[in-house]
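All remarks here apply to the structure that follows.
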Amino acid sequence: MNLDPLPPFAQTALLLDFDGTLVDLAPRPDAVVVAPGLVDSLRELRAQLQDALAIVTGRPIETVDALLGDAPRAVAGEHGGVVRFAPTAPAERPPLPAPPAEWLALAERLVAAYPGALLERKARGFALHYRAVPEAAPIFRDALLGLLAGQTQFQLLPAHMLWEIRPRGADKGRAVATLMQRPPFTGRIPVFIGDDVTDEDGMVVARQLGGAGYQVAPAFGTPAGVRAWLAEAARTRSWPALPPAAPGELP
């Protein structure tokens, strides 16, 4: 696998997914652990990149604040359904719909029927986690597809051991494009790092803007590899070399 070339360090805007990229996946969203040194690396990189560092995640902005503090300059949460350009700036939301109450009621019944499943509520959507009950995956999928039948405002997305309903128009590609239109990101070359299907839109837009997009597995191996790479970049003020492929990864 040939990886995208890295832009010059001093000209980069660094855009990072959270779960599965900066932190290891956990059985529950509230069980993730921020590794020692990660926040320090992000703060140092933010300073070196003149604030052009953002988290682009499916999580709510409040969760990123609780786990990373003000280490990122900007946060795009809920797959771009909300963007905040600085820690003290107001959050901005595009005019997108929220799911009907009856959809959430069905989601609650589904997780109640499968102990260990989890409903994650978001302002403009929700996710059903089935990591603890993988046999529920096709049942959850079919139920959610039934909700979406005949409508065009929402879509169903697969992710790591979950199904998520979100409004169309909220995706990480749009989030990257929105961030890159504002200082301190504008005029820089975006580098987007993510691990999941929902991150691919962000990678595509980063490349369209002349930058780079990296999936965690082939470029870094694991989130620990991402963290080590970021720590080395913060220490050396330069991008460490990326391997042509991580051990065990097929092109």
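Check GLY81 against each of (1) within 15 Å of the chain's Cα centre (by Cα); (2) not assigned by TED's automatic domain parsing to the domain that holds ASP201 and name the one condition it does not meet.
(2)
Please count how many residues of the range 67-93 are of a type in the set (Gly, Ala, Ser) and outside any loop (DSSP other than H, G, I, E, B).
Let us first name the residues in the range 67-93 that are of a type in the set (Gly, Ala, Ser), namely 69, 71, 74, 76-77, 80-81, 86, 89, 91.
Applying the additional criterion that residues be outside any loop (DSSP other than H, G, I, E, B) yields 74, 76-77, 80.
Within the range 67-93, residues that are of a type in the set (Gly, Ala, Ser) and outside any loop (DSSP other than H, G, I, E, B) number 4.
Which of (1) assigned by TED's automatic domain parsing to the domain that holds LEU15; (2) assigned to a strand (DSSP E or B); (3) at pLDDT below 95 is the odd one out, the single condition PRO190 does not satisfy?
Unmet condition: (3).
Does LEU25 satisfy the criteria of being over 20 Å from ALA219 (Cβ atoms), modelled with pLDDT under 95 and either in contact with a Phe, Trp or Tyr (Cβ under 6 Å, 6 or more places away or on another chain) or not in a helix (DSSP H, G or I) (or both)? Break it down stepwise before answering.
Numbers: over 20 Å from ALA219 (Cβ atoms): no; modelled with pLDDT under 95: yes; either in contact with a Phe, Trp or Tyr (Cβ under 6 Å, 6 or more places away or on another chain) or not in a helix (DSSP H, G or I) (or both): yes.
No; evaluated as a whole, the condition is false for this residue.
Taking the stated definitions as given, is PRO90 on the phi < 0 side of the Ramachandran plot, surrounded by fewer than 17 Cβ atoms within 10 Å (Cβ to Cβ) and touching a strand residue (DSSP E or B) at 6+ places or on another chain (Cβ under 8 Å)? Walk me through it before giving the result.
On the way: on the phi < 0 side of the Ramachandran plot: yes; surrounded by fewer than 17 Cβ atoms within 10 Å (Cβ to Cβ): yes; touching a strand residue (DSSP E or B) at 6+ places or on another chain (Cβ under 8 Å): yes.
Here the answer is yes, as PRO90 does meet what is asked.
Please find, among VAL64, VAL33, the residue that is assigned by TED's automatic domain parsing to the domain that holds ASP195, within 28 Å of ALA117 (Cβ to Cβ) and in a loop (DSSP other than H, G, I, E, B).
Answer to the selection: VAL33.
Looking for something aliphatic (A, V, I, L, M) and more than 18 Å from the chain's Cα centre (by Cα) - is there at least one such residue anywhere in the range 31-47?
Narrowing the range 31-47 to residues aliphatic (A, V, I, L, M): 31-35, 38-39, 42, 45, 47.
Applying the additional criterion that residues be more than 18 Å from the chain's Cα centre (by Cα) yields 45, 47.
Yes, some residue in the range 31-47 is aliphatic (A, V, I, L, M) and more than 18 Å from the chain's Cα centre (by Cα).
Please verify whether VAL75 is under 15 Å from the mean Cα position of the chain (by Cα) and either surrounded by 15 or more Cβ atoms within 10 Å (Cβ to Cβ) or at positive phi (or both), treating the condition exactly as stated. If you could, list the steps in order and put the result at the bottom.
Numbers: under 15 Å from the mean Cα position of the chain (by Cα): yes; either surrounded by 15 or more Cβ atoms within 10 Å (Cβ to Cβ) or at positive phi (or both): yes.
So VAL75 passes the test.
In the list ARG166, ARG131, ARG141, ARG121, which residue meets the criterion of being in contact (Cβ under 8 Å) with a residue 12 or more places away in the chain, outside any loop (DSSP other than H, G, I, E, B), out of contact with any strand residue (DSSP E or B) (no Cβ under 6 Å at 6 or more places or on another chain) and not β-branched (Val, Ile, Thr)? Explain how you work it out, then say what you get.
Numbers: ARG166 fails: out of contact with any strand residue (DSSP E or B) (no Cβ under 6 Å at 6 or more places or on another chain); ARG131 fails: outside any loop (DSSP other than H, G, I, E, B); ARG141 fails: out of contact with any strand residue (DSSP E or B) (no Cβ under 6 Å at 6 or more places or on another chain).
Just one listed residue meets the conditions, ARG121.
Part of a strand (DSSP E or B) and modelled with pLDDT of 95 or more - does that describe any residue in the range 220-242? Even if it seems obvious, please write down each step before you answer.
We begin by selecting, within the range 220-242, every residue part of a strand (DSSP E or B); these are none.
Looking for residues that are part of a strand (DSSP E or B) and modelled with pLDDT of 95 or more, one finds none in the range 220-242, hence no.
Could you look through the range 41-60, keep only residues that are surrounded by fewer than 21 Cβ atoms within 10 Å (Cβ to Cβ) and touching a helix residue (DSSP H, G or I) at 6+ places or on another chain (Cβ under 8 Å), and pick out the one that is farthest from LEU128 (Cα to Cα)?
In this case the residue turns out to be GLN48.
Across the range 105-118, which residue is surrounded by the most Cβ atoms within 10 Å (Cβ to Cβ) among those that are outside any strand (DSSP E or B) and of a type outside the set (A, V, I, L, M, F, W, C)? I'd like the intermediate steps shown before the answer.
First, pick out the residues of the range 105-118 that are outside any strand (DSSP E or B): 105-114, 116.
Next cut, of a type outside the set (A, V, I, L, M, F, W, C) only: 108-109, 114, 116.
Details: GLU108: 13, ARG109: 11, TYR114: 16, GLY116: 14.
Filtering first and then ranking leaves TYR114.
I'd like the full set of residues that are of a type in the set (Val, Ile, Thr), within 19 Å of VAL83 (Cβ to Cβ) and more than 12 Å from the chain's Cα centre (by Cα), limited to the range 178-215.
Of the residues in the range 178-215, the ones of a type in the set (Val, Ile, Thr) are 178, 186, 189, 191, 193, 197-198, 204-205.
Checking which are within 19 Å of VAL83 (Cβ to Cβ) leaves us with 178, 186, 191, 193, 198, 204-205.
Passing the criteria: THR178, THR186, VAL191, VAL204, VAL205.
Here are the criteria: (1) assigned to a helix (DSSP H, G or I); (2) among the acidic types (Asp, Glu); (3) within 27 Å of PRO240 (Cα to Cα). Tell me which single one GLU102 does not satisfy.
The failed condition is (3).
Say we look at the range 196-219 and pick out the residues that are of a type in the set (D, E, K, R) and under 15 Å from LEU14 (Cα atoms); which of these is modelled with the highest pLDDT?
Initially, the range 196-219 is screened for residues of a type in the set (D, E, K, R), giving 196, 199-201, 207.
Imposing the further condition that a residue be under 15 Å from LEU14 (Cα atoms) reduces the set to 199, 207.
Numbers: ASP199: 93, ARG207: 97.
Result: ARG207.
The values are calculated or read from the model by the stated rules, or taken from the named source; none is laboratory data. Worth saying up front: this structure is predicted, and the values here are computed from it rather than measured. Backbone-built Cβ (ideal geometry, glycine too); neighbour counts: all protein chains shown.
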